[in-house]
Amino acid sequence: MATTETKGRIKIFSTKNGVNIIQSPIKAQILSILKEGGRSGSQIVSSTKRSKSTISAHLQDMEDAGIIDWIIDPDDRRRKIYFINSKFLGDVSPNHEMEDHVNTILEEYVTQSNDPFDFFRYMFRTIRVALLDEGINIDPILHNAGMKVGKTFYKKLKGESLNNLIQNIASFWETNNLGNIEVKSINPLIIQAYDCFECEDLPKLGRPACAFDSGVLEGIFSNFFDQEVEVEETKCYAQGDDYCQFLIKPLKTNEE
């Protein structure tokens, strides 16, 4: 069955052939499964509790659209392993995700700000809240943009050691009024952010909202460790926490 998160939401993907929109709850469920890694058709059937013919039809539709692709299973050449072959851009909900907070942000923050940086920061939040109020989630786009920023700024922030890098990140965050960075743990690597520029004044969404920050950290630490890492936001102002917290860990591959 589709989860509360996927049910009723229209998912938007960028493929080699252009933008493709997924409205089917079953397709959305399949893509949520494939997001965790490659799966065989029989594994997808088992996870979705749908018939083999139904899943096969949906897999073929998404393959034809360029959203997914497959490779031969090296352990069983009779079997295909399906994987996502496109970029998730975001989703649209027919229902508003929140009440209208745009006027509140404009009145309480933007119009009262005398700091140019604060003004543009709150304008960024206003645009994001306006989109959320219309049911449009652009977190994947923000995450991808953050990754590009992180990879670019790594050249400026890199140090001889992990501690040097983290110190440089904390200094950069503070200097540019992005918040205050603290390290909770090195192994596993856990970073906490206070006064977060991205989400501190967002309405409570009940879920993490620092997609851009997560992307920036992912880009920085992927370069440092010379391998792809995954950044999971485990705490966030937008879900009622007192700070944002990011867990940085090596990205699992399909072979693992």
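Each reported figure results from applying straightforward, stated rules to the coordinates on display, with no laboratory input. Owing to the predicted nature of the structure, the values given are computational and were not obtained by experimental measurement. Reconstructed Cβ throughout: ideal geometry from the backbone, glycine too, with neighbour counts over all protein chains shown.
Quick check on my filter: what residues within the stretch 125-142 are touching a residue at least 24 places away in the same chain (Cβ under 8 Å), assigned to a helix (DSSP H, G or I) and surrounded by fewer than 16 Cβ atoms within 10 Å (Cβ to Cβ)? Within the stretch 125-142, 130 is the sole residue that qualifies.
When the stretch 211-225 is examined, which residues are found to be in contact with a Pro (Cβ under 9 Å, 6 or more places away or on another chain) and closer than 9 Å to residue 143 by Cα? 211, 214, listed by residue number.
Scanning the stretch 202-256 for residues that are small (Gly, Ala, Ser) and touching a residue at least 60 places away in the same chain (Cβ under 8 Å) returns 209, 211, 214, 215, 219, 222.
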